[in-house]
1. Yes or no: V140 under 16 Å from D95 (Cα atoms), in contact with a helix residue (DSSP H, G or I) (Cβ under 7 Å, 6 or more places away or on another chain) and part of a helix (DSSP H, G or I)?
2. Before we move on, is R165 surrounded by 13 or more Cβ atoms within 10 Å (Cβ to Cβ), assigned by TED's automatic domain parsing to the domain that holds V90 and at pLDDT 90 or above?
3. Any idea how many residues of the range 120-132 are out of contact with any strand residue (DSSP E or B) (no Cβ under 6 Å at 6 or more places or on another chain), part of a helix (DSSP H, G or I) and in contact (Cβ under 8 Å) with a residue 40 or more places away in the chain?
4. Among residues belonging to the range 143-186 that are assigned to a strand (DSSP E or B) and over 22 Å from F122 (Cβ atoms), point out the one that is nearest to the chain's Cα centre (by Cα).
Amino acid sequence: METTKEENIVPKPEEKPEEAPVKKGFNIKILLFGLPLFVVQLAAVYFITANILLPKIQTHSTSVQSDSVNTDQAQTKKDSVKNIELGKFVYVVDDLIINPAGTDGKRLLLSSIGFDLADEKFQQELKSKEVLVKDAIISVMGSKNMTQLGNSLYRDTLRIQITDRIKKLIPNVEIGNVYFSKYILQ
């Protein structure tokens, strides 16, 4: 009997390459590539938020709030201010500490406010009702959030709202202008 070549080849048992043991532990590649990539992404998100999104949000909120101010009230204020000699009688409320809305007491506003008045009798009236004046200022400014209080354009709206609140409480006082001599957000 003739043997063929195919039969003479005895199959060898298959050799399996030895598997390297799986390392469990810290991979240095994560540190070398992952951490710098994370820092770059974090910087990109900060840049986009600070330089692109926040100015758009502040511009949008300012335009909405300025539209809500009644133009008739602004016109009557301008007419009444013309008759007042500026700076002659100023009533000052010093160092009010206010907690802005939504800060849970973690942020503060320190403010001093001056009211330009037409006559000394108005100044005496505000002095005699100092508690009402302080309460009006604190309630108006305490109802605003940090975005509103941090926006310098919004201070004109605050002036109008404070004046309106005081006129509701003390109707016989004519207030010309409202001045912020201190305005510190912390």
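1. Yes, satisfied.
2. yes
3. Total meeting the criteria: 2.
4. That would be L185.
The values are calculated or read from the model by the stated rules, or taken from the named source; none is laboratory data. Everything numeric in this text was worked out from a predicted model, so none of it was measured. Here the Cβ is made from the backbone with ideal geometry for all residues, glycine too, and neighbour counts use every protein chain on show.
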